[in-house]
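Just below is one structure, and these are the notes that go with it.
Please treat every number below as a calculation from the coordinates, not as lab data. Every value quoted in this text rests on a predicted model; they were computed, and no experiment measured them. Every residue, glycine as well, gets a Cβ built from its backbone with ideal geometry; the counts of neighbours run over all protein chains shown.
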Amino acid sequence: MTDAVEKICNFNCTCVRDDCSYKHRIDTLNSRKKIKEIYENVFDKDKHRETDPEGKRFKMCYHGILCNNKDCNFKHFCSYEGRVAIANQWYKKQRKEEALECVEELEKKLDGNNKELIEKLKNFFSKKK
């Protein structure tokens, strides 16, 4: 008996179809919308187009445009250099959002005497690029 194979979406990380039944590296639609925005701003089709001179890339890479394996033989539709540029922007944005969430959690736990400190932290992470 063979196991059913889950099909990976061709759009992978940048799929914004709410009803897509294929597998994605990033589970939530909201997060995929955010990475699609980064992809659209960073991807340059002339510089970042993935080539396949040996014609061996038939299967989609599960990690898609977040794949950091330079020698990956799966399809990404984006060169390694393009994937690195996109991933750098994505992870930078994710760290910023996680830091802001952490500050919001702190705010809930601290008493009213620390409002100035919380505001400083929020401003620091909001302005950080």
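Counted by neighbouring Cβ atoms within 10 Å, the residues Asp27, Asp111 run from fewest to most as Asp111, Asp27.
Helix 29-42 and the long axis of the chain differ in direction by around 70°, with both axes built from C-alpha atoms.
Packing here is the average count of other Cβ atoms within 10 Å per residue, and on that basis the peptides 85-92, 113-120, highest first, run 85-92, 113-120.
Quick check on region 14-59: take the gyration tensor over C-alpha atoms, sort the square-rooted eigenvalues as a ≥ b ≥ c, and tell me if it's rounded (a/c under 1.5), prolate or oblate. Oblate.
Angle of helix 115-127 to the longest C-alpha principal axis of the chain, folded into 0 to 90 degrees and rounded to 10: 30°. Each of Tyr39, Tyr62 was scored by other Cβ atoms within 10 Å of its Cβ. Arranged with the fewest first, they read Tyr62, Tyr39. Distant-in-sequence amide contacts of Ile8, defined by a placed amide H-H separation under 5 Å and a gap of 5 or more residues or a different chain, comprise Lys23. By the helix-only formula, in which each DSSP H run with n ≥ 4 contributes -39500 (n - 2.57) and the sum is divided by residues, the chain has a 222 nm mean residue ellipticity of -15500 deg cm²/dmol.
Taking only the alpha-carbon positions of the chain and ignoring solvent, what does the Debye formula give for the base-10 log of I(q)/I(0) at q = 0.19 Å⁻¹? Values returned for q = 0.19 Å⁻¹ are -1.04. The long axis of helix 80-109 is offset from the longest Cα principal axis of the chain by roughly 30 degrees.
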